[in-house]
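Structure first, commentary second.
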Amino acid sequence: MGEAIDRRGLLGSASAAIAAALAGPIALPAALERVLPAPLRALMPDAAQEAAGLIAELLRLEEEAKALRLPASPLQFGTGGVPLDPAQLYQAAMPRLVALIDRAERRAPFLADKAGALLAKLHHSEYVVPELWLGNTAPRLALPLDADEPLTLPEPQLPGAPLEVPGGVLPALAAPLSPVSPSHVFAEIAGEYSAWFAAAEIRPEHRDSADWHLTMMRQSRPRYAALGKQVGVPWQFLAAIHGLEASFNFRAHLHNGDYPLGQRTRQVPAGRPRAWLPPSSWEASALDALRLMGFAGQDDWSLPRMLYRLEAYNGFGYRHARRASPYLWSFSTLYTRGKFIADGRFDPAVRSRQCGAAVMLKVLDLAGELD
């Protein structure tokens, strides 16, 4: 193998070999050893190997559900193979794992637990810790883990100088839509939120996924509504937070998608809920998360205020660079690419694979369910 190997061709060959191996009963690690020579496996990127392992586990769990003759779920989305490309994995696999949990919830909870653990692993491949916990442009926030008082949402602070982002120029938008304002004062940008929401359209390539999000939010509305009523948070807002912060995983903590619920969170914010005893339900953990995030008991849940709270929670780094935040606008015509991939690290070429919160609210609005 002295000659250069095309990476795209390598992934294609590996994907085909993996798909063939998965057609049989053999597990992926052994399958890879059988169908791929060691030099070829060594050339596979680590991310591709991780993706291959996750795909194999997903397909194995789906076969197990089939063998158990579990009923179909209205959340089922996509069948057959899953792209090996790590950049496409989240969008393809997340709905299938959510549907698998839904199918197994009552008749095979052990299988739902396995799917929940796998969904949590997939979630953290796309998840970036919000600025409230770490801060992209502000000092790290010390969480009151030893206090009983809830954490209130702080006023975001502008950095001393504008955030330098490679290629940080927002593409020209059709008039009269204004570009992103660098302000973080709600009164100054409330109109922008309304105008952008009205102008946002779902990209054709994301229409099926957006429709799946609508189905998911509708099905889970009773749980969201019951929880939201306890803390004065609209169910639609809670649904969007759940999608972004936990990939709709009801077997993981709303704080950050950590699994399992029987243990406190391990990643930031770690050690939550502080007092955590059985039955360790999703609702009990989610109440702690909403209070810690500062959303509980807030007034004014108008659309602009909801979008402002979502952006403030995730961080104003995109706004400082005059870019559309994917946390709000991903899957819409107002967002193309560019994402913070870690604390303070921005990659202009990366696309968010999560549906933005504003887009989730948009599909609810188009369905007449935003209220």
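Values quoted throughout were computed directly from the atomic coordinates according to the rules given, and no laboratory measurement underlies them. Since the model is a prediction, treat every value here as computed from it, not as a measurement. Using ideal geometry, Cβ is built from the backbone for each residue, glycine included, and neighbour counts are taken over all protein chains shown.
Stretched out fully, how many nm does the piece from Ala342 to Asp46 gain, at 0.36 nm a residue minus the Cα gap?
Full-extension gain reported as 104.7 nm.
Hey, what's the Kirkwood Rh for region 186-366 if you take every pair of different alpha carbons, in angstrom?
It works out to 16.9 Å.
How do Thr336, Thr265 rank when sorted from fewest to most other Cβ atoms within 10 Å of their own Cβ?
Final ranking by Cβ density, sparse to dense: Thr336, Thr265.
Quick one: Karplus J couplings for region 272-288, per residue in order, coefficients 6.51, -1.76, 1.60, θ = phi - 60°, nearest Hz, x for Gly and Pro?
10, x, 5, 9, 9, 10, x, x, 6, 7, 4, 4, 5, 5, 5, 4, 4
What is the local net charge at Glu311, summed over the other residues whose Cβ is closer than 10 Å to its Cβ (Lys, Arg +1; Asp, Glu -1)?
Every neighbour counted, the sum reads +1.
Can you list the HN-Hα couplings for region 96-108, worked out from phi with the Karplus curve (6.51, -1.76, 1.60; θ = phi - 60°), rounded to whole Hz and with x for Gly and Pro?
After applying 6.51 cos²θ - 1.76 cosθ + 1.60, I find 5, 6, 4, 5, 5, 4, 4, 5, 8, 3, 9, 8, 9 Hz.
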